[in-house]
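Undergrad: Below you will find the structure I want to go over with you.
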């Protein structure tokens, strides 16, 4: 289980968050019931991320513009598989990056089994 705390401009994995001694009352949290090395289908990963992200949307963090929802649409899955990376905007500054590998592409792409290699936070830059 991976837990992420975030507000409008910050995102921390639970270990870093606790180490910094931050106040959880000021942050929303996102729980991912997956770990490095887990094997899931790309469709299952999509469902996990959407359900983990829903409380963040419900919390009313401003400025999300639902960009991350677009990252998980069917027309983006091919690009995600090609890059073996999924980017999901979390707030105005951070994105979740899930890197994975797979052996064989299934006819129904959502059923393609992937192995989680890394889960990390990256900076997201808006360009206007």
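Undergrad: Residues 95, 104: which one is at pLDDT 75 or above and surrounded by fewer than 14 Cβ atoms within 10 Å (Cβ to Cβ)?
TA: Going through 95, 104 in turn, the sole match is 104.
Undergrad: Out of the residues in region 107-128 that are exposed (fewer than 13 other Cβ atoms within 10 Å of the Cβ) and farther than 19 Å from residue 30 by Cβ, which is modelled with the highest pLDDT? Please lay out each step first, then the result.
TA: Step one: filter region 107-128 for residues exposed (fewer than 13 other Cβ atoms within 10 Å of the Cβ), giving 107-108, 111, 118, 120, 123, 125-128.
Next cut, farther than 19 Å from residue 30 by Cβ only: 107-108, 111, 125-128.
Values: 107: 86, 108: 84, 111: 89, 125: 68, 126: 57, 127: 51, 128: 44.
Step by step, filter region 107-128, then rank; the result is 111.
Undergrad: Given (1) loosely packed, with under 15 Cβ neighbours inside 10 Å; (2) at pLDDT below 85; (3) not in a helix (DSSP H, G or I), identify the lone condition not met by residue 76.
TA: (3)
Undergrad: Hey, another quick one. Restricting to region 11-30, count the residues that are touching a helix residue (DSSP H, G or I) at 6+ places or on another chain (Cβ under 6 Å) and under 14 Å from residue 121 (Cα atoms).
TA: Residues that pass the stated criteria total 1.
Undergrad: Does region 2-22 contain any residue that is assigned to a strand (DSSP E or B) and over 21 Å from residue 99 (Cα atoms)?
TA: No; the residues of region 2-22 include none that is assigned to a strand (DSSP E or B) and over 21 Å from residue 99 (Cα atoms).
Undergrad: In addition: Among the listed residues 52, 25, identify the single one that is more than 11 Å from the chain's Cα centre (by Cα) and either assigned to a helix (DSSP H, G or I) or at pLDDT below 90 (or both).
TA: 25
Undergrad: Looking at 49, 18, 32, can you tell me which residue is in contact (Cβ under 8 Å) with a residue 60 or more places away in the chain and closer than 17 Å to residue 2 by Cα?
TA: On the way: 49 fails: in contact (Cβ under 8 Å) with a residue 60 or more places away in the chain; 18 fails: in contact (Cβ under 8 Å) with a residue 60 or more places away in the chain.
One residue alone meets the criteria, 32.
For every residue, the table says whether it meets (1) out of contact with any helix residue (DSSP H, G or I) (no Cβ under 8 Å at 6 or more places or on another chain); (2) under 17 Å from residue 93 (Cβ atoms); (3) surrounded by fewer than 15 Cβ atoms within 10 Å (Cβ to Cβ).
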| site | (1), (2), (3) |
| --- | --- |
| 4 | no, yes, no |
| 9 | yes, yes, yes |
| 42 | no, no, no |
| 52 | yes, no, no |
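The values are calculated or read from the model by the stated rules, or taken from the named source; none is laboratory data. All values reported here derive from a predicted model rather than from experimental measurement. Here the Cβ is made from the backbone with ideal geometry for all residues, glycine too, and neighbour counts use every protein chain on show.
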